[in-house]
Amino acid sequence: MKKAKQFQFQVQPLINNNNNNNNNNNGLSFSYFDLLSEEIVFTILDLLTQNPLDKKSFSLVCKNFYFLESKHRRILKPLRSEYLPKVLTRYPHVTHMDLTLCPRVTDATLTNIASACNSNLVSIDLSMSKFFTGVGLLNLAVKCENLVELDLSNATELKDSAAAMVAEARNLERLWMRRCKMVTDMGVGCIAVGCRKLKLLSLKWCVGVGDLGVGLIAVKCKDIRSLDLSYLPISDKCLPSILNLQYLEDLALVGCFSIDDNSLAVLKNGCKSLKKLDMSSCEKITHIGLSSVFSCTICLEQVTLANGCSVNLDLADSLNKLSKLQSIKLDGCPVTCAGLGAIGDWCVSLKELSLSKCSGVTDEGLTYLFTKQKDLRILDITCCRKITDVSISHITSSCTDLSSLKMESCTLVPREAFILIGQRCHSLEELDLTDNEIDDEGLKSISKCSKLSSLKLGLCLNITDEGLAHIGMSCVGLKELDLYRCTGITDSGILAIAGGCLGLEMINIAYCKEITDNSLLLFSKCAQLNTIECRGCPHITSLGLAAIAAGCKQLTKLDIKKCYKIDDAGMIPLAYFSQNLKQINLSYSSVTDVGLLSLASISCLQTLTILHLKGLTPSGLAATLLACRGLTKVKLHASFKSLLPQAIFEHLEARGCLFQWREKVFEAELDPKCWKQQLEDMMQ
């Protein structure tokens with residue numbers, strides 16, 4: 001930002017002189033911008049990263065800027081694949097191709113990319129794209145000889161023949177194949193033989209790949225650093241060769257149900273390079289098998305065992321072998337007081353601990369745990385419903401340097417305990433207090449945490465505008481604020497937030513029923529705002545939405561479900577100003593065919609949810625679906641399935657659009673306290 005201001009001061013005199021000279025040059029075309037060196041212009045372009053439209057505006061200043069912007073651009077994220085031929089002509093130096101906004105990418109598209117980019121292309125992301133085959137991948141592999149990164153996640157139709165084409169990319173270093181469910185050991189074997197330089201490989205949910213394919217990867221790809229084998233049907237046959245990988249640092253074995261204690265008992269050779277291990281949801285593994293693993297991976301720094309075996313003394317004893325351990329994630333595991341106490345005694349260098357939804361967490365266990373924990377930075381005790389102010393007192397007195405604390409639904413913690421957080425933990429940047437008893441005095445104390453960037457207060461029914469005002473005045477760096485169903489909040493509280501937190505990027509005021517257009521007018525001053533959730537706010541109208549559209553140009557996600565007073569008048573400015581909008585929920589609003597069709601001008605729009613729009617007709621829906629060419633997901637009421645020609649759905653699905661059909665009847669709104677009681681009854 002400082003560089004940008006310096007440039008502004010240096011160039012402003014040139015602009016003024018240029019304007020004067022233009023009046024005296026009798027129509028001769030000359031711009032002082034042409035005198036700027038390529039290096040200076042590139043420096044300016046490096047600073048234009050916040051809004052995707054900024055570089056486009058920059059390139060329209062003059063011919064020189066237009067040329068230099070095309071020369072400078074290295075990353076390309078096209079809205080639709082049909083634009084690529086012209087776009088690639090304009091940007092010949094692209095090295096990174098992101099096609100996540102293009103649901104339909106054919107072999108012809110990949111061939112065009114390969115021909116245009118050639119050896120310049122280093123990375124391509126096809127994780128949200130379909131319709132390509134091994135033919136297109138072969139063109140990429142052969143023509144783009146410097147390709148080192150390829151993301152084929154979610155390519156559920158790709159088979160071994162396509163994997164064999166990927167194997168031709170000899171310099172490939174990072175490959176993601178998550179959910180490529182039709183690829184088998186044969187396809188992965190081809191990749192192992194052809195892509196010897198692989199350093200990262202993700203085969204998560206590639207359920208056709210077993211011991212043979214993984215074993216070949218371990219034997220042929222000696223440089224592997226990161227390997228994700230989650231949900232693969234592998235056994236003890238391939239584990240020794242995996243742990244023999246000399247440079248392996250990150251290994252994920254989530255949900256590998258065929259691995260048991262006996263599988264791990266055969267491990268003898270250690271993997272001294274391994275730093276991260278995730279063995280969550282491996283239901284057949286107990287502390288016995290984990291002890292075998294930890295004995296040969298003594299340099300582990302991060303261990304994740306979510307939804308696994310009981311956290312008892314035996315498990316803690318096995319963790320004691322890991323002298324460098326800094327992070328433990330035990331989400332969803334049953335725990336004992338003795339186990340937590342032993343972890344506290346033996347793992348004294350912890351920086352991160354997650355006990356989210358762990359049954360058995362009590363004040364006694366946490367008291368033992370935090371007796372020696374002085375360096376903890378990240379703590380998650382979400383849904384630990386048995387703890388009280390005793391635990392909070394020990395946590396805040398021992399872990400004063402916490403940067404992240406998540407304690408959603410710790411419902412036995414009294415409101416007085418939240419004052420301790422603000423008094424003792426001034427380094428907090430992330431704080432989740434969703435569904436707790438915090439009140440205004442607690443918020444006043446927490447406002448002392450001036451570094452806060454994310455604060456979640458959803459379902460906190462005791463807070464009001466008074467407490468929120470303290471946050472607005474002191475936490476000026478706040479970027480994310482969640483006030484979901486905080487019924488005590490009105491426009492007055494939002495005034496303090498919008499006035500003090502100008503860098504706000506996400507706001508959730510869903511079901512804050514006293515909120516009006518005045519709040520949206522205030523939020524329109526927050527230029528960085530990209531996500532707004534204001535469903536169930538009956539007083540919000542199209543006037544407030546128009547202000548948001550005009551002021552928040554970076555808006556990408558908007559939820560106005562059950563904002564009954566928003567109609568077509570709000571859609572018109574949204575369609576004009578919000579060109580970055582990707583996702584919108586209009587359910588239960590008063591928008592009709594006219595307003596819906598206007599959204600077709602938003603070329604980025606991908607996800608559309610339109611349930612129970614009384615003013616929506618089959619013909620209006622059909623026109624909108626055909627006009628919004630970038631749609632990848634549409635959620636509709638099932639009644640429309642029989643009202644539109646099947647050919648329309650087939651055409652849209654061929655473009656890459658997925659339809660989700662819902663049978664939901666019109667919902668009457670519940671009182672917030674009644675809603676919360678129903679939720680608590682379900683949890684018991």
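Expressed in Å, the radius of gyration and Dmax of the Cα atoms of region 265-387 are 13.4, 42.
By average Cβ neighbour count within 10 Å, what is the ranking of 615-626, 416-427, 645-656 from highest down?
Per-residue Cβ counts within 10 Å, averaged per peptide and sorted highest first, yield 416-427, 615-626, 645-656.
Using C-alpha pairs under 8 Å with a sequence gap of at least 6, the mean separation divided by the residue count of the chain gives a relative contact order of 4 percent. Taking a straight line from the alpha carbon of residue 272, these aspartates and glutamates sit under 19 Å away, with near neighbours fewer than eight places off in the same chain left out: 223, 228, 249, 250, 301.
In the full protein context, region 485-626 carries 31 Å² of accessible surface per residue, based on a 1.4 Å probe and ignoring ligands, DNA and RNA. Near residue 490, once Lys and Arg are set to +1 and Asp and Glu to -1 for all other residues with Cβ below 13 Å from its Cβ, the sum equals -4. Largest first, the three principal axis extents of the alpha carbons in region 411-450 are 25, 17, 14 Å in whole numbers.
In the set (i) 28.1, 89; (ii) 27.1, 78; (iii) 43.8, 140, which value of Rg and Dmax of the Cα atoms in Å was calculated from the structure you see? The calculated read-out lines up with (i). Could you pull the accessible area for residue 130 with a 1.4 Å probe, rounded to 10 Å²? Roll a 1.4 Å probe over it and residue 130 shows about 120 Å².
Just add up the charged neighbours of residue 125: K/R +1, D/E -1, any other residue whose Cβ is under 12 Å from the Cβ of residue 125.
With Lys, Arg at +1 and Asp, Glu at -1, the net is -1.
By definition, a body whose alpha carbon gyration tensor gives a ≥ b ≥ c is prolate when a/c is 1.5 or more and a/b is larger than b/c, and region 304-452 fits this prolate description.
Only DSSP H runs of four or more residues enter the estimate; each adds -39500 (n - 2.57), and after division by the residues of the chain the mean residue ellipticity at 222 nm equals -10500 deg cm²/dmol.
In the chain, a dipole from Cβ-located charges (positive for Lys and Arg, negative for Asp and Glu) runs towards its positive end, and of 611, 287, 626 it is 626 whose Cα lies farthest in that direction.
Computed packing ranks the peptides 237-247, 387-397 as 387-397, 237-247, most packed first, by mean other Cβ atoms within 10 Å.
With the cut-off at 1.5 for a/c, could you classify region 541-581 from its C-alpha gyration tensor as rounded, prolate or oblate?
Taking the square roots of the gyration eigenvalues as a ≥ b ≥ c, region 541-581 is prolate.
Surface composition of the chain: carbon plus sulfur atoms hold 53% of the accessible area, using a 1.4 angstrom probe and ignoring ligands, DNA and RNA. Net charge of the neighbourhood of residue 56, taken over other residues with C-beta under 13 Å away and scored Lys/Arg +1, Asp/Glu -1, is +3. Pull out a ≥ b ≥ c, the square roots of the eigenvalues of the alpha-carbon gyration tensor of region 459-558, then state rounded if a/c is under 1.5, prolate if not and a/b is larger than b/c, and oblate in the remaining case. Oblate, since a/c reaches 1.5 and b/c is not below a/b. When the listed pairs 56/561; 222/275; 456/565; 77/329; 130/633 are checked against a 25 Å cut-off, the alpha-carbon distance exceeds it for 56/561; 456/565; 77/329. Heavy-atom accessible area for residue 74, with the other protein chains in place and a 1.4 Å probe, reaches approximately 100 Å². A straight Cα-to-Cα reach below 18 Å connects residue 451 with the aspartates and glutamates 401, 429, 430, 432, 480, 482, 505, residues fewer than 8 places away in its own chain not being considered. Under 20 Å from a label point 7 Å along Cα→Cβ of residue 647: give me every residue in region 600-626 with its amide N that close. The answer is 618-626.
The values are calculated or read from the model by the stated rules, or taken from the named source; none is laboratory data. These numbers were taken from a predicted model, which means no experiment stands behind them. Cβ: placed from backbone, ideal geometry, glycine included. Neighbour counts: every protein chain shown. For accessibility, only protein heavy atoms count, side chains too; no ligands or nucleic acids. Shrake-Rupley method; radii C 1.70, N 1.55, O 1.52, S 1.80 Å.
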